[in-house]
Amino acid sequence: LHITVQCADKNLHVYFHRPSDQPNGLTISLEAGTILSFVVVTFGYIILVTKIAPYQTIRYYMCIFPFISLFVVYVTFWIARLCINRKKILAVTLMVIFSFITLASYKMQTIDYVYQHLEQRNQDLQEYDNYPVIVLNISSSHNNADRFMYEWQNFPAVFRCEKGDFSGLSRAQNSYDLSQGFLLYVLNNNLERKELFQQINQYLKLQNVNPITTQGCLVYFCTLEGGNA
């Protein structure tokens, strides 16, 4: 089977034929072909992500938002063109429709992945950048365990206790001077505050515990009994 594709007169001509046969033609306008491509790619991607994504979240679909927007614009233009013959009135009508959609979206919808709350978090942590950090991951999962790694480069030392292993707190104390105080990052916490610090006090005798921020994850500034802070 041979397939011949020709583009002429703003149309896409597709011919299917055997080598010895006369070709049978299928003519598709470039406009229809472009829209059909957008539709096939968009719905094909949605089906693919639905099947293989570990969980459903909007960020997996961000790459097809431009295709969906173009398709909506085209359908709106096509419907308006059927109802309105005069080009100037058509242009003004479309301008009003899309301006209304844009303004309504701006007022009614929130913007994902802007992380505005992190601005306050950064301000809260600024005055503590001279202190060491202990990262306590309570859960056996590594989910979100590295989420704040970009912050840790600002601190002089970072110690990690993974999978709820509180004994790592003693190793941190033996490896670095914590007498001036330290920041405690608590990740994936499923313990009540009282139970959490009971576990911590088995390895580090804390004198004061002050919450610094709850934005993103819990961060405490801690001092030890007999410390200099």
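Here are some notes:
- Placing a pseudo-label 7 Å from each Cα along the Cα-to-Cβ vector at Ile97 and Val40 gives an inter-label distance of 2.7 nm.
- With a simple spin-label model that places each label point 7 Å from the Cα along the Cα-to-Cβ direction, the separation between Ala104 and Ser175 comes to 5.7 nm.
- Sorting Arg160, Arg147 from the fewest to the most surrounding beta carbons within 10 angstrom yields Arg147, Arg160.
- For region 36-114, trypsin sites (Lys or Arg not before Pro) meeting the loop criterion (DSSP other than H, G, I, E, B) and having at most 14 other Cβ atoms within 10 Å: Arg86.
- Stokes-Einstein diffusion for region 128-187 at 25 °C, viscosity 0.890 mPa s, with a Kirkwood radius from C-alpha pairs, works out to 210 µm²/s.
- Take the Cα of Gln207, step 7 Å toward its Cβ, do the same at Lys88, and the gap between the two points is 8.2 nm.
Coordinate-derived values only; no laboratory data. Just so it is clear, the model here is predicted, and its values are computed rather than measured. Every residue, glycine among them, receives a Cβ derived from its backbone with ideal geometry; neighbour counts consider all protein chains shown.
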